[in-house]
Amino acid sequence: MKKFLFSAVFAGIALLCGCRSTVHVNGKLCKMLYDDELKELQAIAIATLKHNLGKNNLITPQEYRSALRTEPKRKINYFADLTGRAEYTWNFPTRTTTVVIQGEFLNAKQRLVFLSIDPKQPAVIDNTHKIPKNAPVFFTK
């Protein structure tokens, strides 16, 4: 009897701990990222900022330091299980910078888009021709 009770309690705990949060997308339930996975996705967004530090004036050292100290505005839209579009946005004094991660999150199939919206430079610079296929894609607006 004790073995059965122990097994039942253990199975119940395993069920509760192993369940992901879900969201309704087009009438079906889709799995969402865990909190630690959301932090990992944010770390990827910050690494994207660091990668572009000083390149074509995409992000300045001061903006990068500010991004490290402030929590970005996060918006995630799910399309399927652990798949969708995540936007991490920082509002700096002179512009708004957003890193977009799309596709299957935390997987080789995810794609990065870097957006820096500067009111003084409304032109769009597309750097995709310099980047190999399946590498992060960076845009400046």
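No lab work stands behind these numbers, since they all come straight from the coordinates. Since the structure is predicted, the reported quantities are computational estimates derived from the model, not experimental observations. Glycine gets a Cβ as well: all are built from the backbone with ideal geometry, and neighbour counts include every protein chain shown.
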How far is it, in nm, from the label point at D35 to the one at T89 when both lie 7 Å from their Cα along the line to the Cβ? 2.5
Under the Karplus relation with 6.51, -1.76 and 1.60 and θ = phi - 60°, whole-Hz ³J(HN,Hα) for the stretch 92-105, x at Gly and Pro, equal 9, x, 9, 6, 10, 10, 10, 10, 10, 10, 10, x, 7, 4
For R20 and L53 in one chain, what is 0.36 nm times their gap in residues minus the Cα-Cα distance, to one decimal in nm? 8.3 nm
How big is the dipole moment of the stretch 66-113 about its Cα centre under a simple scheme where the beta carbon of each Lys and Arg is +1, that of each Asp and Glu is -1, and everything else is neutral? Debye, nearest 20, please. 180
